[in-house]
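Right, one structure below, let's go through it.
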Amino acid sequence: MTRCGIELRRMGSGANSVEEIAQKIADFFYQSLRMGPDDRACALVRFYVTASYSELQPDLQEFADNIVGKHGSPGMKCLTLLGTAGEESAWNSRKQSVGHKAIPLQSEESIAKSPMINALIHQLGIPVPSLLENDQRIMLDEHQHSFNVFHVERAEGSPYIPAQKDFVIPHQVKSVLGLGGMLPTGEMFAIVLFSKLGIPRERAELFNTLALNAKLAILPFAGKQLFA
């Protein structure tokens with residue numbers, strides 16, 4: 001984990017945006033985690049950051065509009081895909097994502113209707129009201145200086161992991177692991193690994209320190225340059 005952490009901290013070198021670093025990190029986890037020399041451990045790795053609707057590029061605003069059925073408000077939070085790497089060719093470009101480019105987080109009620117997103121936010125220890133309100137004071141909370149993990153040990157049949165027939169079963173996803181936290185801007189970042197290896201809780205918890213390393217890599221661009 002120490003070597004992995006060092007590599008993650010280096011991801012910011014030469015980058016000019018959060019998106020560039022997010023893609024580097026997604027590629028790193030996908031390429032580095034293996035079950036054998038020629039057998040990758042993850043079917044898919046994704047890197048998300050929350051952003052206000054007004055910060056999104058026009059095509060992402062349109063994507064979010066189509067989900068909510070109306071023009072989004074400037075301050076509406078969206079869970080935005082910035083990095084992706086996986087087995088399918090379409091999973092290696094955020095622009096080719098079908099349903100996850102920019103997921104609106106309109107309210108606590110709407111988040112509760114998305115089991116995986118709801119569990120991700122709560123298991124990472126992030127208060128939903130503070131996230132929606134962009135409350136930067138949360139970073140003064142001592143609990144936000146530690147990092148938790150989102151963990152679903154058995155993905156198949158889990159109510160927290162959607163697309164069972166189209167994704168989980170055909171791609172042999174055994175466990176799902178997420179790491180992330182809050183940025184000083186009040187935004188959340190999350191890296192989600194869809195693993196073809198079963199990951200017990202005690203091993204999942206070893207990943208929590210990597211969230212800090214990923215945060216340090218993107219920190220210089222947080223609130224400044226989101227997209228490449």
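In the stretch 56-72, is there at least one residue being crowded, with 18+ Cβ neighbours inside 10 Å and closer than 30 Å to Glu205 by Cβ?
Scanning the stretch 56-72 turns up no residue that is crowded, with 18+ Cβ neighbours inside 10 Å and closer than 30 Å to Glu205 by Cβ.
Quick grid of which residues meet (1) within 16 Å of the chain's Cα centre (by Cα); (2) closer than 29 Å to Gln57 by Cβ:
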site: Ile161; (1), (2): yes, yes
site: Pro170; (1), (2): no, no
site: Gly178; (1), (2): yes, yes
site: Met182; (1), (2): yes, yes
site: Thr209; (1), (2): yes, no
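Hey, can you tell me all the residues within the stretch 196-213 that are out of contact with any His (no Cβ under 9 Å at 6 or more places or on another chain), under 23 Å from Asp38 (Cβ atoms) and either β-branched (Val, Ile, Thr) or modelled with pLDDT of 95 or more (or both)?
Selection gives Leu197, Gly198.
In the stretch 94-113, which residues are loosely packed, with under 12 Cβ neighbours inside 10 Å and not in a helix (DSSP H, G or I)?
Within the stretch 94-113, Val98, Gly99, Lys113 meet the criteria.
Can you tell me which residue in the stretch 175-209 is surrounded by the most Cβ atoms within 10 Å (Cβ to Cβ), limited to those that are among the small types (Gly, Ala, Ser) and within 21 Å of Ile126 (Cβ to Cβ)? So that I can check it myself, show each step before the final result.
Step one: of the stretch 175-209, the residues among the small types (Gly, Ala, Ser) are 175, 178, 180-181, 186, 190, 195, 198, 204.
Keeping just the survivors that are within 21 Å of Ile126 (Cβ to Cβ) gives 178, 180-181, 186, 190, 204.
On the way: Gly178: 25, Gly180: 28, Gly181: 21, Gly186: 21, Ala190: 22, Ala204: 21.
Result: Gly180.
Is it the case, given these coordinates, that Thr50 is touching an Asp or Glu at 6+ places or on another chain (Cβ under 6 Å) and at pLDDT 95 or above?
The answer is yes for Thr50.
Being surrounded by fewer than 15 Cβ atoms within 10 Å (Cβ to Cβ), within 17 Å of Lys215 (Cβ to Cβ), over 19 Å from the mean Cα position of the chain (by Cα) and touching a residue at least 40 places away in the same chain (Cβ under 8 Å) is the requirement here; does Met35 meet it?
Details: surrounded by fewer than 15 Cβ atoms within 10 Å (Cβ to Cβ): yes; within 17 Å of Lys215 (Cβ to Cβ): no; over 19 Å from the mean Cα position of the chain (by Cα): yes; touching a residue at least 40 places away in the same chain (Cβ under 8 Å): yes.
Against the criterion (surrounded by fewer than 15 Cβ atoms within 10 Å (Cβ to Cβ), within 17 Å of Lys215 (Cβ to Cβ), over 19 Å from the mean Cα position of the chain (by Cα) and touching a residue at least 40 places away in the same chain (Cβ under 8 Å)), Met35 does not qualify.
The values are calculated or read from the model by the stated rules, or taken from the named source; none is laboratory data. As the structure is a prediction and not an experimental result, all values here were calculated from the model. Backbone-built Cβ (ideal geometry, glycine too); neighbour counts: all protein chains shown.
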